[in-house]
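Below is one structure; the comments refer to it alone.
The values are calculated or read from the model by the stated rules, or taken from the named source; none is laboratory data. Given the structure is predicted, the values throughout are model-derived calculations rather than measurements. Quick reminder, even Gly has a Cβ in these numbers, built from the backbone with ideal geometry, and neighbours come from all protein chains shown. Note: accessible area is taken over every heavy atom of the protein model, side chains too, but ligands, DNA and RNA are not part of it. Shrake-Rupley method; radii C 1.70, N 1.55, O 1.52, S 1.80 Å.
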Amino acid sequence: MVAPSYNRAASPLSRARRRVRQFTTRLSRRHRGGDVDTRLRALLSPRQWVLVARLRPDDRRHLLAVHDRLIGRGCGDPDLLLAALLHDVGKADGRVQVRIPQRIAAVLLGWASPAILAAVARPSRRGWRQGLYLARDHAFLGAAAAWDTGCSERVRWLIAHHHDVGAMADPGLRLLHEADELEG
């Protein structure tokens, strides 16, 4: 499975605007009430929860928001809903979590110079390189982790391709991608 690439078709200005909007949306939701973890535990198996629990609290909130957006759109596909709850689990590996500077660097380098991103985003024991690697390859890594929790092939495929613009002909993947982008 090849790690999906970032959408280079969008203009740099439109991508920058979208990322700024996503960032400010996340910050504004950071301290909102509600017990996100209780809801996530109820929706996930214990093995799936272990993956999600490694993520930062704002990332867990994001997973639930994407799930809830799909429910709000009338989605009843259990594979798509589970993929929404797990699509970003590759952003943490139990040692390292992707931090904001690594997210920004991955997006900017992914657009401007994928070769430089590939050179610096490599697996390491810890530190900024590992965070950059997780940011860049989180979809592929998350799909592999989902395999270990017994997820269906469809769920793993949706996770692996949730940023893959070339696969958006799949209606379920398109819904997941749109919900993910809207929930930033």
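Of the listed requirements (1) crowded, with 20+ Cβ neighbours inside 10 Å; (2) assigned to a helix (DSSP H, G or I); (3) out of contact with any Pro (no Cβ under 7 Å at 6 or more places or on another chain), LEU108 misses just one: (1).
Condition test on HIS162, is it out of contact with any strand residue (DSSP E or B) (no Cβ under 9 Å at 6 or more places or on another chain) and not in a helix (DSSP H, G or I)? Yes, satisfied. Look at (1) more than 20 Å from LEU173 (Cβ to Cβ); (2) open to solvent by 20 Å² or more (accessible area, probe 1.4 Å) and you find that VAL52 fails only one, number (2). Once segment 69-102 is narrowed to residues that are basic (Lys, Arg) and more than 17 Å from ARG54 (Cα to Cα), the residue that is most open to solvent (accessible area, probe 1.4 Å) is ARG73. The C-beta contact set for segment 34-63 (first residue without any contact (Cβ under 8 Å) to a residue 60 or more places away in the chain, second residue acidic (Asp, Glu), distance under 7 angstrom, 6+ apart or interchain) comprises LEU55/ASP88; ASP59/ASP88; ARG60/ASP37; LEU63/ASP88.
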